[in-house]
Amino acid sequence: MTARILIVGQDADTVDYAAPGIMPGMTAEKVRAGLAASKAALEAQGHACDVLEVQPDPATAEAEVRAGWPARPTTWWWSARASAIRRPSSSCSRRY
């Protein structure tokens, strides 16, 4: 079955890459390159995939996710990257 996938994570430009727990040498450009590669791999498997980068403020992020969520999804998977919105040790992936 083909899935529609929404990858949600903190805007890479708002991450403190010097913070503990962040891989040394990581940059916004590397994060976006990884996202582009993941998106391309999912699309190569026939899935529809979008990337949504949100602000670190939870209220703003929620509004951005609500605005970015499709009006009538069929099958959507979403994934939140580790960021300041969620502790790096927590991850989530849900099917809706």
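Each value in this text was obtained by applying a stated rule to the coordinates, not by laboratory testing. Predicted model only: the values in this text are computed from it and were never measured. Glycine also receives a Cβ, built like all others from the backbone with ideal geometry; neighbour counts cover every protein chain displayed.
Answer rounded, prolate or oblate for segment 12-66, using the Cα gyration tensor with square roots of eigenvalues a ≥ b ≥ c: rounded when a/c is under 1.5, else prolate when a/b is larger than b/c, else oblate.
Values: a/c = 3.27, a/b = 1.21, b/c = 2.70.
Oblate, because a/c is 1.5 or more while a/b does not exceed b/c.
I want the local charge near T60. Using Cβ-Cβ distances under 13 Å, sum +1 for each Lys or Arg and -1 for each Asp or Glu among the other residues. That works out to -4.
Loop-only check: which trypsin sites (Lys or Arg not before Pro) in segment 26-58 are DSSP coil with at most 14 other Cβ within 10 angstrom?
Values: sites: K30, R32, K39; in loops: none.
Answer by residue number: there is no such site.
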